[in-house]
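Taking it in order: structure first as structure tokens, then the write-up.
Since every read-out is calculated from the coordinates, none of them should be taken as a lab result. None of the values given here were measured: they were computed from a predicted structure. Ideal geometry is used to build each Cβ from the backbone, glycine not excepted, and the neighbour counts take in all protein chains shown.
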Amino acid sequence: MSGSQRSPLLLAGLLAVAGVSHFAAPRQFDATIPRALPGKPRTWTYASGAVELALAAGVALPRTRRVAALAAAGFFVGVFPANVQMAVDWRHRPAPQRAAAIGRLPLQVPLVLWARGVAKGGAGRS
């Protein structure tokens, strides 16, 4: 399998694992939901997990890959405020947890670029 075929499936796998994680261990995601959002954090946790699962399915299928990958890029941008919230909330935690929270912030850039690369039909970042 070439890199251009493998990359979309890796992206789909990452989205699927993240989506399942939102349902399997929702508490850790609830804590990252920005308080400015209306409603209960668990609703947002489940909704974002469902979106990730739908994006995973869309990216995995060649027929819907381009649109789903573009939507995934937008989703990665959209969840950035949750990563900022986590970094702010975890600023007084032990150094490894603080580092993980801060490390998530720049991770969004390669995820967006990867999804855009998949949408363009290239390998993007795998």
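The calculated Kirkwood hydrodynamic radius for region 5-74 is 12.4 Å, given to one decimal from all distinct C-alpha pairs. For region 99-107, 3J(HN,Hα) computed residue by residue from phi via the Karplus equation (6.51, -1.76, 1.60; θ = phi - 60°) reads 5, 5, 5, 5, x, 5, 4, x, 5 Hz, glycine and proline entered as x. With each label modelled as a point 7 angstrom along the Cα→C-beta vector, the LEU61-LEU37 pair spans 2.5 nm.
The string of couplings for region 44-56 from the Karplus curve (6.51, -1.76, 1.60, θ = phi - 60°) is 5, 4, 5, 5, 5, x, 5, 4, 4, 5, 5, 5, 4 Hz, one whole number per residue in order, with x for Gly and Pro. Each semi-axis of the equivalent ellipsoid for region 16-122 is √(5λ) with λ an eigenvalue of the Cα gyration tensor; in descending order they amount to 25, 16, 11 Å. Helices in the chain, meaning DSSP H runs of at least 4 residues, each add -39500 (n - 2.57). Divided by all residues, the mean residue ellipticity at 222 nm is -25500 deg cm²/dmol. The dipole here belongs to the chain: it is taken about the Cα centre, uses +1 on the Cβ of Lys and Arg and -1 on the Cβ of Asp and Glu, and is about 140 debye.
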